[in-house]
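The values are calculated or read from the model by the stated rules, or taken from the named source; none is laboratory data. Everything quoted here is computed from the prediction, not taken from an experiment. Cβ placement follows ideal geometry from the backbone for every residue including glycine, while neighbour counts extend to all protein chains displayed.
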Amino acid sequence: MMETKLKKKDKCILNALLENGRLSYSELSRRCGISRQVAFERVKKLSEEGIAKGFAVCLDRDKLGFSFQAYVLLIAKPEEKLRSELADFLRNSKNVSKIQLLFGRFDFFLELLFRDKEEMTVFLRAIQSFNAVERTETFIVYQTIKDKPEDPLLECFREEE
């Protein structure tokens, strides 16, 4: 995949939207020193190019009752049909926030949210009931120190000195 070179005004727009995705085009134009129409066109272009993939609200998991977070590493059997059934189950599960396929000893990395330990136990038993699952390793989060997935991407917004 080829890296996209961003113009200075695009970097400014993206940085401002990361701070507050609800900024108006007028406010974007003021912050970035461009016209409202240019701000609109640049946001539209960044969206069409897939650089900006939507604008989302950040929800407070704890306040919504999902204070129990866990990660599962999973080793699956190689049969494609069995893996496909497992992947479908995971995709459709309300507790799974992220599924990643891995190279290495483990095949799947799952990010999970639950209301409590009992809900997690029921979910893990359901996963382990699949014939595709050879082994799982579960990590329960007791404290989050940093949750800023955009931080590594902010490097591309720094001005070349």
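Quick one: is Arg135 out of contact with any helix residue (DSSP H, G or I) (no Cβ under 8 Å at 6 or more places or on another chain), surrounded by 15 or more Cβ atoms within 10 Å (Cβ to Cβ) and not hydrophobic (A, V, I, L, M, F, W, C)?
Working: out of contact with any helix residue (DSSP H, G or I) (no Cβ under 8 Å at 6 or more places or on another chain): yes; surrounded by 15 or more Cβ atoms within 10 Å (Cβ to Cβ): no; not hydrophobic (A, V, I, L, M, F, W, C): yes.
It is false that Arg135 is out of contact with any helix residue (DSSP H, G or I) (no Cβ under 8 Å at 6 or more places or on another chain), surrounded by 15 or more Cβ atoms within 10 Å (Cβ to Cβ) and not hydrophobic (A, V, I, L, M, F, W, C).
If you check Lys81, Lys63 for being over 15 Å from Glu119 (Cα atoms) and outside the structural domain of Thr136 (by TED's automatic domain parsing), only one passes: Lys63.
Among residues that are outside the structural domain of Asp116 (by TED's automatic domain parsing), in contact with a helix residue (DSSP H, G or I) (Cβ under 7 Å, 6 or more places away or on another chain) and either closer than 30 Å to Thr121 by Cβ or in a loop (DSSP other than H, G, I, E, B) (or both), Ile51 is not included.
Of the residues making up region 11-43, those that are assigned to a helix (DSSP H, G or I), in contact with a Phe, Trp or Tyr (Cβ under 9 Å, 6 or more places away or on another chain) and within 18 Å of Leu154 (Cα to Cα) are Lys11, Cys12, Leu14, Asn15, Leu17, Leu18, Leu28, Val43.
Only one of the listed residues (Leu90, Leu86, Leu112) is surrounded by 15 or more Cβ atoms within 10 Å (Cβ to Cβ) and either closer than 22 Å to Lys63 by Cα or among the hydroxyl-bearing types (Ser, Thr, Tyr) (or both). That residue is Leu112.
On the basis of being closer than 19 Å to Thr144 by Cβ, of a type in the set (A, V, I, L, M) and surrounded by fewer than 15 Cβ atoms within 10 Å (Cβ to Cβ), does Leu64 make the cut? Criteria met by Leu64.
One line per residue, one yes/no per condition, for (1) of a type in the set (Lys, Arg); (2) closer than 30 Å to Lys53 by Cβ:
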| position | (1), (2) |
| --- | --- |
| Lys77 | yes, no |
| Ser97 | no, yes |
| Gln100 | no, yes |
| Asn131 | no, no |
| Gln143 | no, yes |
| Pro149 | no, yes |
| Cys156 | no, yes |
